[in-house]
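Enquirer: The structure under discussion is supplied below as structure tokens; questions concerning it will follow.
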Amino acid sequence: MDRHALKIPCNVMPFLCEADYSVTLSEMIHADRTVSFHVAIYLLRGSMEIIEDGERYLILPNQLFFLKSGVHHWGEKPFELGSAWYYAHFYCEEPLDGMGELPKGVHYDKKVCLEKGEAEKYIVLPKLTDDVGENRIERYFEKMIEAHVHGNIPQASVCLWQIFLECTQNAQNDRMGSTYARQMKEYIQAHYIEDFRAAEIEKVCGLSYKYAGTLFKETMGQTIREYQRMLRLDRAKQLLKETNRTVTEIAQMTGFTDVFYFSKIFRRECGCSPSEYRRTYIPGI
């Protein structure tokens with residue numbers, strides 16, 4: 001287990017003190033700091049590098065990363081320009097479970113002392129996890145930020161707990177097919193606009209396309225083509241929100257050669273046409 005992994009006791013509700021959206025509009029390097037709260041970062045697009053206690057982490061889109069309170073973290077490389085992310089600052093008392101002295105340089109103001117035999121009544125969060133399946137972690141972040149903005153701290157904290165549970169479930173499922181699924185996911189993320197063939201997927205992971213597709217579905221909760229379509233639609237929504245390009249241009253830029261098919265798929269998946277989406281979109285930040 002990572003010595004700076006967060007351990008969340010099941011008998012204490014975390015307290016969310018800040019949650020919001022951020023984007024890099026100019027060169028930005030993560031602050032050099034040690035803070036009294038935990039930090040959760042969900043990257044929407046771009047990339048960022050953060051160093052915690054000398055350990056270097058690269059965060060990619062649809063990944064969630066946790067920083068532990070009391071541990072020195074900083075950045076050395078600028079974030080990729082245009083990177084966007086959700087973040088949350090929260091407090092959660094650390095359980096004492098007889099594991100010995102804290103690592104050098106780590107300090108906690110409060111602890112929860114569990115009764116003898118109850119040391120296992122906590123969950124351990126992975127430092128870095130993929131948001132697999134239907135991007136549930138991203139959706140919980142959206143709900144959490146909305147609740148926080150409206151001052152509903154209990155509801156926001158419940159959403160934070162749901163994020164914790166998704167992380168632990170993802171970690172449990174990240175076994176046999178994880179390596180192959182990650183290879184395929186990275187390939188699709190890099191080539192999702194292209195009409196790649198089954199042979200290209202087979203070359204990437206060294207498996208038959210049928211078996212690779214089965215592992216991908218079991219790990220990600222989506223077929224390869226469904227995941228590709230989701231990436232295309234996410235990019236199309238971003239372009240609709242952030243540019244003045246026509247629907248036809250956006251369809252072509254995201255791999256949909258037929259604008260009518262693009263509009264049909266967009267309406268089916270998003271519940272409205274691309275033009276309606278553009279007119280009704282209101283940034284939630």
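Enquirer: Hey, any idea what % of the chain's accessible area is carbon plus sulfur with a 1.4 Å probe?
Expert: Summing carbon and sulfur atoms, their accessible area is 50 percent of the total for the chain.
Enquirer: Another question, if that's okay. Per residue, what accessible area does the stretch 1-97 have, given a 1.4 Å probe and all protein chains present, in Å²?
Expert: Details: 4050 Å² over 97 residues.
For the stretch 1-97, the per-residue accessible area is 42 Å².
Enquirer: On a 1.4 Å probe surface of the protein chains, which of D131, D32 comes out largest in accessible area, and what is the full order?
Expert: Result of the area sort, largest leading: D32, D131.
Enquirer: Let me spell out the model: positive unit charges on the Cβ of Lys and Arg, negative unit charges on the Cβ of Asp and Glu, origin at the Cα centre of the stretch 182-285. What dipole size does that give, in debye rounded to 20?
Expert: For the stretch 182-285, the charge dipole is close to 220 debye.
Enquirer: Given the rule -39500 (n - 2.57) for each run of at least 4 DSSP H residues, summed and divided by the residues of the chain, what is its mean residue ellipticity at 222 nm, to the nearest 500 deg cm²/dmol?
Expert: Theoretical 222 nm ellipticity from helices: -12500 deg cm²/dmol.
Enquirer: Say a site is exposed when it is one of the GluC sites (Glu not before Pro), sits in a DSSP loop, and has at most 12 other Cβ atoms within 10 Å; what is then the longest site-free stretch of the chain?
Expert: That would be 195-285.
Enquirer: From the list (1) 45, 24, 16; (2) 36, 23, 18; (3) 30, 20, 19, can you say which value of semi-axes √(5λ) of the Cα gyration tensor in Å was derived from the structure given?
Expert: (2)
Enquirer: In what sequence, largest accessible area first, do C17, C272, C159 appear using a 1.4 Å probe?
Expert: C17, C272, C159
Enquirer: Could you grab the relative contact order for the stretch 125-231? Cα pairs under 8 Å, six or more apart, rounded to a whole percent.
Expert: Normalised by residue count, the contact order of the stretch 125-231 is 28 percent.
Enquirer: Show F65, F37 ordered by accessible area, largest first, where the area counts protein heavy atoms only and the probe is 1.4 Å.
Expert: F37, F65
Enquirer: Among the listed pairs K185/K237; K68/K217; K185/K210; K77/K203; K143/K264, give every one whose C-alpha distance is greater than 26 Å.
Expert: Those over the limit are K68/K217; K77/K203; K143/K264.
Enquirer: Any idea what the relative contact order of the chain is, in percent, if you count C-alpha pairs under 8 Å spaced at least 6 apart?
Expert: It comes to 16 percent, rounded to a whole number.
Enquirer: For the chain, take the longest principal axis of its alpha carbons; what is the angle in degrees between that and the long axis of helix 209-220, to the nearest 10 within 0 to 90?
Expert: So the inclination is approximately 40 degrees.
The values are calculated or read from the model by the stated rules, or taken from the named source; none is laboratory data. Everything quoted here is computed from the prediction, not taken from an experiment. Every residue, glycine among them, receives a Cβ derived from its backbone with ideal geometry; neighbour counts consider all protein chains shown. Calculation scope for accessible area: heavy atoms of the full protein, side chains included, ligands and nucleic acids excluded. Shrake-Rupley method; radii C 1.70, N 1.55, O 1.52, S 1.80 Å.
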